[in-house]
């Protein structure tokens, strides 16, 4: 025959405050805690539980009036710090996000960024950009690449490719700013501007 477990009536915190024996027990338990935990308990306000037993099991999590009630509220966690920037791999202009990204990972996924565990960063391709070769550039301009006009063509090539690169980066930075604006609601964002 199975024995029935008798259920004790749970004592509420209000009832415990009126019972000197329970309050003595609570003070005794509180005095046995470490100096640091007592200091923290008396400084920061915690939640007052409904039942006295709850406080007995978790005095570090809950506060009991007249025993360990704190006054200050614990400050919320600081916003995570992330760094955003652009990288060029010869074909693609890539947006990357590094830093404390764990708290904002859902937002990064919404922005279609991909997590790279090897690089420990989120990334996405913003645009493709492959400058033409020097030979293709000369052909496009209708010039023949010879030793006589080589330096002149290289000079023209550098000017034009740099101009195209600046324009591409300008457009890519607009996209970075757009994503950064959305992330700033939940994180401190620093943007690293690329140098050309």
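The values are calculated or read from the model by the stated rules, or taken from the named source; none is laboratory data. Small disclaimer: the values here were computed from a predicted structure and weren't measured. Cβ atoms come from the backbone with ideal geometry, glycine included; neighbour counts cover every protein chain shown.
Just a few scattered comments:
- Within segment 111-147, being outside any loop (DSSP other than H, G, I, E, B) and in contact with a helix residue (DSSP H, G or I) (Cβ under 8 Å, 6 or more places away or on another chain) holds for 115, 122, 126, 127, 134, 137, 138.
- Residue match in segment 95-106 (condition: within 30 Å of residue 46 (Cβ to Cβ), touching a helix residue (DSSP H, G or I) at 6+ places or on another chain (Cβ under 9 Å) and not assigned by TED's automatic domain parsing to the domain that holds residue 49): yes
- Residue within segment 118-135 that is exposed (fewer than 10 other Cβ atoms within 10 Å of the Cβ) and at positive phi present: no
- Residue check, residue 90 touching a helix residue (DSSP H, G or I) at 6+ places or on another chain (Cβ under 9 Å), within 30 Å of residue 191 (Cβ to Cβ) and touching a residue at least 40 places away in the same chain (Cβ under 8 Å): no
- The set of residues in segment 144-160 being surrounded by 13 or more Cβ atoms within 10 Å (Cβ to Cβ) and at pLDDT 85 or above consists of 149, 153, 154, 156, 157, 160.
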